[in-house]
Amino acid sequence: MFDGNTFQSPAKSEVISDSETYWNPGKTRFWTAAGIDLVIDRREGYYLWDMGGKRLIDLHLNGGTYNLGHRNPEVMAAVIDAMGRFDMGNHHFPSMTRAALSRALIETAPNGLTRVAFGSGGGEAVDIALKSARHATQKRKIVSVVKAYHGHTGLALATGDDRFGKFFLSDRTDEFVQVPFNDLTAMETALAGGDVAAVILETIPATYGFPLPQPGYIEGVKRLCERVDALYIADEVQTGLMRTGALWAIEKHDVRPDILVTGKGLSGGMYPIAAALLSDRAGAWLDEDGFAHMSTFGGAELGCIAALKTLEITTRPEVGLMVHYVSDFFATGLAEIHADCPDWFVGIRQNGLIFGLEFNHPEGAKYVMRSLYEHGVWAIFSTLDPAVLQFKPGILLSPELCDEILGRVGIAVRACRDEAARPGRRVS
Amino acid sequence: MTPERAGLVLEQARWAARAFETYDAASVSRIVEATAEAADLAATKYAEWAVRETGMGVVADKVAKNKACSSGLVDEYRNRDFVSPRLDPDRRVIELPRPAGVVLGVVPTTNPVASIYFKVLLCLMTRNAIVIAPHPRAKDCSVDAARLLAAAAEAAGAPRGVIQVLEEPSIPIMEALMSDPRTDVILATGGSAVVRAAYSSGNPALSVGPGNVPTFIDASADLPAAVREILASKAFDNSVLCTNESVLVVERSVGPAVRRELQRAGAAILDGEDGVRLRRAMFDGGNLNPEVIGRDATWIAQLAGVSVPRSTRVLVVPFAHVVDEELMTHEKLSPVLGLVEVDSVAAAFEACRAVVSIGGAGHSASIHTEDPRMVMDFAARVPVLRLTVNVGNSAGSSGLTTGLAPSMTLGTGFMGGSSLGANLQPSHLVNWTACAYATASVNDLEAYRGLNPWRLTTGGPVPPWPVASNLHEPELIQSGAHAGVSAALIEQIRRLVVEELEGLVGGAGSG
């Protein structure tokens with residue numbers, strides 16, 4: 001229980017009942033039914049503590065938001081220091097921190113990206129990206145992949161899987177086209193009309209369970225875009241910030257995106273900020289009408305400070321090297337668990353520290369999630385493919401914690417195998 | 001650099017250490033030889049650089065030390081194996097070496113590069129990772145030398161990050177790293193403040209105290225030879241080694257002869273007012289003036305306003321009693337030697353004891369004599385852990401001219417507040433896991449011969465650039481991603497993409 005100077009938490013049971021009453025009954029009930037009675041209290045490094053005292057190792061990291069661990073001391077210190085002088089700032093004016101972050105982002109970005117437009121979250125940044133592409137090409141149509149997920153704001157929602165768009169009557173199939181992932185022929189057909197403003201792709205689609213792009217797929221999509229004058233938007237919200245051993249996963253492909261979107265981990269989980277990095281062409285509207293997109297919280301200065309520090313830490317040579325070691329460690333260790341129960345744990349998708357673990361059951365990852373939870377690890381199933389567990393180790397993990405994670409994962413994966421095999425069983 | 005950033009350096013070292021501890025003897029030997037060769041080739045460059053940067057020492061002598069701590073060290077330990085399991089059939093015991101892990105090497109300003117060579121090679125021989133904390137006054141040459149060794153070791157197959165150096169050393173950073181739980185052992189050489197900090201850090205430390213070396217010339221000694229040895233030792237690198245003689249003790253009966261020999265061999269004896277001036281210039285309020293450390297004798301004489309012949313190699317200051325308030329009884333780290341005459345051998349031993357008590361407990365002493373009983377008595381009375389006989393102590397106690405382990409870090413033992421009593425050597429950086437059968441069992445351990453648990457688990461200097469798992473092992477990835485695509489096509493695409501990637505990655509360094 002938190003007993004601070006300005007906030008005192010009630011007991012855990014009351015927090016849960018208040019959440020059900022005043023906040024989100026559906027979600028609250030879902031977790032209760034799934035056996036995950038978690039109210040996150042203290043957090044530090046890659047650990048979370050439930051209000052009941054249970055400790056969990058965080059492999060969910062909110063999609064990479066906590067790449068550097070929870071409450072990273074260096075990011076915290078930067079934000080605390082800045083709060084002595086700054087607040088969110090005034091979004092209309094040039095600012096010290098925003099200028100510095102814009103410059104830092106462009107200097108570390110793939111070639112060809114020259115300007116930054118800020119949002120307060122990934123969805124807004126995706127909206128900015130799509131609007132930029134439409135303005136630049138003067139075309140409306142947006143192509144994404146089936147089971148795509150790019151956020152919940154207007155255009156981002158419309159371009160994602162209709163699981164969320166249709167519900168709110170916000171799907172717009174006339175302007176937002178979806179094609180199967182890894183299918184270049186379908187992509188070619190979708191682009192054939194010459195009326196497409198942009199193709200937007202997560203470099204590895206996270207919410208779909210990180211299916212890996214086939215060799216040459218991303219490059220092929222970019223070539224098709226060039227052929228019909230459509231822009232290529234790399235959604236790097238989950239795949240960026242060194243998770244694959246490169247600052248941006250797209251750098252591992254021979255592709256220069258027209259727009260790159262980042263969010264989540266950009267500010268170390270301390271203050272929300274997101275950004276769309278634009279090429280000269282995609283960002284031309286910033287010259288024509290700088291007030292065309294406005295966002296009171298977009299590029300908030302405390303977020304800029306957090307992001308500057310996060311980017312500085314992330315690009316240190318030691319960090320890149322650690323990602324090499326950690327990804328090698330889990331590649332080897334998970335392959336051993338896989339070899340031990342290949343009929344249940346059926347596949348490993350990996351690029352650096354992005355893993356999708358495939359299980360032999362349509363909802364297999366939900367079993368594994370709960371089993372992991374019981375064994376002290378928090379990792380989440382893929383919303384749009386619950387057979388696959390999202391497994392996202394932090395980029396600053398120590399060898400000792402890696403050992404512990406692998407040990408717990410090995411036990412948890414084997415433990416739930418028989419339960420999932422029982423006929424007629426469903427979790428949640 | 002913040003303490004947090006320095007902590008990441010340790011974190012990376014832990015990963016490197018974990019990879020390195022799986023290397024076998026042949027791989028380790030290849031890395032050690034290559035690193036030592038690179039160090040040896042750069043011996044002169046760094047000798048000049050260290051003298052230029054710190055103003056201390058003599059280039060030619062630093063070259064000799066750098067070579068001794070690179071190729072010399074490897075020659076010394078070439079036939080020693082700190083990697084393979086060892087068998088002791090008589091005791092029915094099998095032992096496996098287990099490296100310490102991450103070593104924090106604190107390096108002094110007096111011997112920066114030789115110390116780095118030494119500590120790095122010891123770590124490589126024993127499969128440890130090392131983080132070097134250089135002295136701020138010797139930062140540039142230290143950082144450069146450490147980087148050179150790291151590059152050589154990695155080129156020979158060592159894991160990346162096995163040798164790292166703090167590029168912006170500072171006291172707070174060093175204190176943070178010393179007490180960081182990610183440090184496995186601290187190797188601290190330097191002043192007593194550093195040593196105490198190391199021991200109070202909560203981490204294991206092999207930390208050694210300062211020396212203050214008495215040398216006794218017994219009446220039975222070959223006097224000219226003894227004086228030659230002592231003066232050469234004092235002139236060696238201008239006395240920056242902690243093993244250099246600090247006070248010469250002689251019986252009054254041979255005093256005049258010793259003075260004559262000293263002058264003949266290039267020493268200037270500063271009696272009376274000259275000695276007072278020298279003390280004033282060298283000690284400010286009782287503390288050694290760092291400006292004089294490692295300087296030429298003539299430079300120091302000039303600083304003190306004392307005129308000496310231009311050929312003077314060593315300044316000798318006679319004094320009456322070995323007491324703490326006599327400044328000349330303290331460590332000088334410069335070619336200045338105290339001289340005290342006593343009435344008897346017993347009084348000489350007492351004087352030597354006092355010199356050591358004032359500031360060099362557990363370190364070293366030297367004696368020049370033809371009488372074995374004298375050596376035994378001296379060694380039993382004076383609280384030091386090494387006593388060199390009829391040889392200059394600078395190189396003698398460092399093991400460069402004696403049978404002692406060649407070392408830049410000399411344990412001062414329990415007498416000197418250290419857990420290490422011997423000259424630091426590779427064996428100090430490994431523990432051994434002992435597998436023991438009952439002594440009554442009839443196992444000759446023959447079945448263990450040739451068994452080796454170490455195998456490389458990483459692909460080389462670092463694990464390979466992480467590529468998507470469907471690029472290197474298409475068969476592992478299932479569930480639809482490749483549905484309808486033939487294996488041959490995948491293989492063809494895979495090869496093309498790998499080639500492309502390699503082109504991209506080639507210049508990307510660590511990525």
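The values are calculated or read from the model by the stated rules, or taken from the named source; none is laboratory data. All values derive from a computational prediction rather than experimental measurement. Here the Cβ is made from the backbone with ideal geometry for all residues, glycine too, and neighbour counts use every protein chain on show. Quick note on the areas: whole protein, heavy atoms, side chains included, nothing else; ligands and nucleic acids left out. Shrake-Rupley method; radii C 1.70, N 1.55, O 1.52, S 1.80 Å.
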- [ ] Return the total of residues in region A:289-330 being over 16 Å from B:T2 (Cα atoms), within 11 Å of chain B (Cβ to nearest Cβ) and open to solvent by 20 Å² or more (accessible area, probe 1.4 Å).
- [x] 2
Task: Of residues in region A:235-251 being more than 9 Å from chain B (Cβ to nearest Cβ) and in contact with a His (Cβ under 9 Å, 6 or more places away or on another chain), the one surrounded by the fewest Cβ atoms within 10 Å (Cβ to Cβ) - done: A:V237
TODO: For A:I273, work out the one condition from (1) touching a strand residue (DSSP E or B) at 6+ places or on another chain (Cβ under 8 Å); (2) within 14 Å of another protein chain (Cβ to nearest Cβ); (3) of a type in the set (V, I, T) it doesn't fulfil.
DONE: (2)
Task: Unmet requirement for A:L286, which otherwise passes all of (1) out of contact with any strand residue (DSSP E or B) (no Cβ under 7 Å at 6 or more places or on another chain); (2) open to solvent by 30 Å² or more (accessible area, probe 1.4 Å); (3) not polar (S, T, N, Q) - done: (1)
Task: Candidate set from region B:323-352 (those that are open to solvent by less than 30 Å² (accessible area, probe 1.4 Å) and among the β-branched types (V, I, T)); member that is farthest from B:R264 (Cα to Cα) - done: B:T329
TODO: Exactly one condition in (1) part of a loop (DSSP other than H, G, I, E, B); (2) over 27 Å from B:V336 (Cα atoms); (3) open to solvent by 50 Å² or more (accessible area, probe 1.4 Å) is not met by B:W432; state its number.
DONE: (1)
Task: Only one of A:L353, A:L357 that is of a type in the set (A, V, I, L, M), surrounded by 24 or more Cβ atoms within 10 Å (Cβ to Cβ) and either at positive phi or more than 10 Å from every other protein chain (Cβ to nearest Cβ) (or both) - done: A:L357
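Given A:D127, A:D87, A:D81, A:D58, which one is of a type in the set (D, E) and within 14 Å of chain B (Cβ to nearest Cβ)? Break it down into steps so the answer makes sense when it comes.
Numbers: A:D127 fails: within 14 Å of chain B (Cβ to nearest Cβ); A:D87 fails: within 14 Å of chain B (Cβ to nearest Cβ); A:D58 fails: within 14 Å of chain B (Cβ to nearest Cβ).
Result of the check over A:D127, A:D87, A:D81, A:D58: A:D81.
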TODO: Within region B:102-137, track down each residue that is in contact with a strand residue (DSSP E or B) (Cβ under 7 Å, 6 or more places away or on another chain) and open to solvent by 10 Å² or more (accessible area, probe 1.4 Å).
DONE: B:P108
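Let's see how each residue does on (1) over 26 Å from B:G101 (Cβ atoms); (2) crowded, with 20+ Cβ neighbours inside 10 Å; (3) free of Cβ contacts under 8 Å to residues at least 12 places away in the same chain:
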position	(1), (2), (3)
B:R147	no, no, no
B:A152	no, yes, no
B:A155	no, no, no
B:P159	no, yes, no
B:S179	no, no, no
B:R182	no, yes, no
B:T189	no, yes, no
B:S207	no, yes, no
B:P224	yes, no, no
Open item on the list: Within region A:377-394, does at least one residue satisfy the condition of being more than 10 Å from chain B (Cβ to nearest Cβ), within 18 Å of B:W465 (Cα to Cα) and open to solvent by 40 Å² or more (accessible area, probe 1.4 Å)?
Closed with: no
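Select from region A:334-350 the residues that are more than 11 Å from chain B (Cβ to nearest Cβ) and of a type outside the set (A, V, I, L, M, F, W, C) and write down the one among them that is surrounded by the most Cβ atoms within 10 Å (Cβ to Cβ). Give the derivation first.
Going through region A:334-350, the residues more than 11 Å from chain B (Cβ to nearest Cβ) turn out to be A:336-337, A:340-341, A:343-345.
Okay, now just the ones that are also of a type outside the set (A, V, I, L, M, F, W, C), so A:336, A:340, A:343.
Numbers: A:E336: 10, A:D340: 12, A:D343: 8.
Once the filter is applied, the top-ranked residue is A:D340.
From the list B:Y46, B:Y23, which residue is at pLDDT 95 or above, open to solvent by less than 40 Å² (accessible area, probe 1.4 Å) and closer than 19 Å to B:L121 by Cα?
Working: B:Y23 fails: at pLDDT 95 or above.
On inspection, the qualifying residue turns out to be B:Y46.
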Task: Failed criterion for A:G112 (all others in (1) touching a helix residue (DSSP H, G or I) at 6+ places or on another chain (Cβ under 9 Å); (2) more than 28 Å from A:I405 (Cβ to Cβ); (3) in contact (Cβ under 8 Å) with a residue 40 or more places away in the chain hold) - done: (1)
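Run down B:N66, B:N111 and say which single residue is within 15 Å of the chain's Cα centre (by Cα), at pLDDT 95 or above, farther than 18 Å from B:A17 by Cα and not aliphatic (A, V, I, L, M). Steps first, answer last, please.
Working: B:N111 fails: at pLDDT 95 or above.
After ruling out the rest, the residue left standing is B:N66.
For region A:272-283, how many residues are surrounded by fewer than 24 Cβ atoms within 10 Å (Cβ to Cβ) and within 20 Å of the chain's Cα centre (by Cα)? Break it down into steps so the answer makes sense when it comes.
As a first pass, look at region A:272-283 and keep what is surrounded by fewer than 24 Cβ atoms within 10 Å (Cβ to Cβ): A:272, A:279-281, A:283.
Still in the list and also within 20 Å of the chain's Cα centre (by Cα): A:272.
Final tally of qualifying residues: 1.
For region A:233-252, how many residues meet the condition of being of a type outside the set (D, E, K, R), part of a loop (DSSP other than H, G, I, E, B) and touching a strand residue (DSSP E or B) at 6+ places or on another chain (Cβ under 9 Å)? Let's see the steps before the verdict.
So the first thing to find is which residues in region A:233-252 are of a type outside the set (D, E, K, R), and the list is A:233-234, A:237-242, A:244-250.
Checking the rest, the ones that are also part of a loop (DSSP other than H, G, I, E, B) come to A:237-242, A:244-248.
Filter once more, keeping what is touching a strand residue (DSSP E or B) at 6+ places or on another chain (Cβ under 9 Å): A:237-241, A:244-245, A:248.
The total comes to 8.
Go through B:D218, B:D237 for me and flag whichever is in contact with a Ser or Thr (Cβ under 8 Å, 6 or more places away or on another chain), acidic (D, E), buried (at least 16 other Cβ atoms within 10 Å of the Cβ) and under 15 Å from B:L339 (Cα atoms). Before you say what the answer is, go through the steps one by one.
Working: B:D237 fails: under 15 Å from B:L339 (Cα atoms).
It is B:D218.
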Open item on the list: Tell me yes or no: at least one residue of region A:16-33 is in a loop (DSSP other than H, G, I, E, B) and either surrounded by 16 or more Cβ atoms within 10 Å (Cβ to Cβ) or among the small types (G, A, S) (or both).
Closed with: no
Open item on the list: Condition check: modelled with pLDDT of 95 or more and either surrounded by 18 or more Cβ atoms within 10 Å (Cβ to Cβ) or in the same structural domain as B:E291 (by TED's automatic domain parsing) (or both). Does B:A60 satisfy that?
Closed with: no
Task: Test for A:R85: is it among the charged types (D, E, K, R), over 25 Å from A:K252 (Cβ atoms) and without any contact (Cβ under 8 Å) to a residue 40 or more places away in the chain - done: yes
Open item on the list: Could you check region A:301-334 and list, in sequence order, the residues that are of a type in the set (K, R) and either outside the structural domain of A:W248 (by TED's automatic domain parsing) or without any contact (Cβ under 8 Å) to a residue 12 or more places away in the chain (or both)?
Closed with: A:R316
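Are any residues in region A:97-124 at negative phi and assigned to a loop (DSSP other than H, G, I, E, B), and if so, which ones? Give the steps one after another, and end with the answer.
If we filter region A:97-124 for residues that are at negative phi, which is where we start, we get A:97-111, A:113-124.
Scanning region A:97-124 gives A:A109, A:P110, A:N111, A:S120, A:G121.
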Open item on the list: If I filter region A:44-96 down to residues being of a type in the set (D, E), open to solvent by 30 Å² or more (accessible area, probe 1.4 Å) and not in a loop (DSSP other than H, G, I, E, B), which single residue comes out as nearest to A:S371 (Cα to Cα)?
Closed with: A:E44
